[in-house]
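Before any comments, here is the structure.
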Amino acid sequence: MSNKNLSHLEGFVLPFVALIGSLFVFGLFVFMSGKSPVEAWKLLFLGAFGDAFSIQNTLQRSAPLMLTALCVAIPANAGLTVIGGEGSLLVGALACSSVPYFFNVPLNTEGTCILMIASCVAGACWMSLVGVMRQFRGVNETISSLLLAYLAVNLFKHLVEGPMRDPGSLNKPSTYPLNPDLLIGGIAGYDVHWGLIWGLVFCIVASFWLKFTTHGFATKVVGGNPRAASFVGLPTNALIITSCALGGAAAGLAGGLEIAAIHTASSASVIAGLGYTGILVSFAARHKPMIIVPVAIILGGFGAAGSLLQRRLGLPDASIQVLMGFAFIFILAAESARGRIQWTRIWSFQSTPGTLEVK
């Protein structure tokens, strides 16, 4: 088997083994809680894909994960480790909610598109700050993106509970709800909203851009060897900032979709950690946009099964976050092992029986 084929096999096997390992350790966690791990694994599957309702819930949860994962994956192809997609998501949600405060938006599909564009632009501008600070001030992008996410959370709470608050929202502060004509409905009458299609489209476009366009190839060159990219005259600064902006636009759209399809108004419910789960999705997919789609569906299924574990086994709803944490640790470990395993030696040993002699 050639080294190239082994590399592709490794890229599939290691994340798969990491997910299996995280499920096994989660089973031990459940066992220590006095519950059956086998029953927990069964309920995870049933809660994610057991019936039509579960599948719809899984697909609905996976839609924003695709977009927030792109906020990590696109800059990663430019050599950046950006983990602040939660910030762009919240800024995008705020933009979607605030546009009707300042403009008379048409109460039709055109108005909904305007809100989604505003969410994309807001998310892109927010995340582009990460690229600007890295290229012109030397600020580490991981730290700056995380700090900007915390800043976005507090800005979101300040505006929602202060200047933008709907006086009618007493127990749970929120902005004024969007007009029903601006909301995004389900696909063909199902609970799955059109955000799933937007997530699929963005992943397909991002994959095409990286593989088949000059700009995408230049972005990957910058990520692979910045010195060589500068030597051949590539606009490194522009490519880095653009990759951050594109990732932020995807996460901003996720925020807009959460408002227009789920919550109808900005409130604390929007701060659900979708941007942080997107980090896990992107790393599990090895920052490949098309692989993000199935990984987002699997992890979205885990999230959908949380309530079933709580009802059937009496586990806390937050136990799913424990599973996500295990998965993140295992996937990072698998990523660090990539390229270090001598697959050629293992393969040659297995395919050549009798090489080990016992005297």
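Nothing in this text is a laboratory measurement; each read-out follows from the coordinates by a stated rule. Everything quoted here is computed from the prediction, not taken from an experiment. Cβ coordinates were reconstructed from backbone atoms using ideal geometry, including for glycine residues, and neighbour counts include every protein chain displayed.
Find the Cα radius of gyration of region 41-122, compare it with 2.2 N^0.38 Å by division, and give the number to two decimals.
So the Cα radius of gyration is 1.44 times the expected 2.2 N^0.38 Å.
Taking θ as phi - 60°, what are the ³J(HN,Hα) couplings along region 200-215 by the Karplus curve (6.51, -1.76, 1.60), each to the nearest whole Hz, with x for Gly and Pro?
Values per residue, Gly and Pro as x: 4, 4, 4, 5, 5, 5, 5, 5, 4, 4, 5, 8, 10, 10, 4, 5 Hz.
Taking every pair of alpha-carbon atoms in region 178-246, give the share separated by more than 14 Å as a whole percent.
The answer is 68 percent, as a whole percent.
Grab the DSSP H runs of the chain that are 4 residues or longer, score each as -39,500 (n - 2.57), total them, divide by all residues and round the 222 nm result to the nearest 500 deg cm²/dmol.
Helices in the chain give a 222 nm mean residue ellipticity of -24000 deg cm²/dmol.
Taking Cα atoms, how many degrees apart are the long axis of helix 52-77 and the longest axis of the chain, rounded to 10 and kept between 0 and 90?
For helix 52-77, the angle is close to 80 degrees.
Tell me the angle of helix 37-49 to the major Cα principal axis of the chain, expressed in degrees between 0 and 90 and rounded to the nearest ten.
Long axis of 37-49 versus the principal axis of the chain: about 50 degrees.
Which shape class applies to region 43-189: rounded if a/c is under 1.5, otherwise prolate when a/b exceeds b/c and oblate if not, where a ≥ b ≥ c are the square roots of the Cα gyration tensor eigenvalues?
oblate
Kindly state, to the nearest 0.05, the FRET efficiency for Phe45 paired with His158, given R0 = 41 Å and r defined as their beta-carbon distance.
0.50
Just the number: Rg to Rh for the chain, Cα atoms, Kirkwood Rh, two decimals.
1.02
Highest mean first, what order results for 322-333, 56-67, 239-250 on Cβ atoms within 10 Å?
Ranked from most to least packed, the peptides come out as 239-250, 56-67, 322-333.
Along the Cα→Cβ direction, 7 angstrom out, place labels at Leu313 and Glu335. What is the inter-label distance in nm?
A separation of 2.7 nm, rounded to one decimal place.
Sort 196-208, 22-34 by packing, meaning the average of other beta carbons within 10 Å per residue, with the highest value first.
196-208, 22-34
Pairs of alpha-carbon atoms within less than 8 angstrom and 6+ residues apart define the contacts here; what relative contact order does the chain have, in percent?
35
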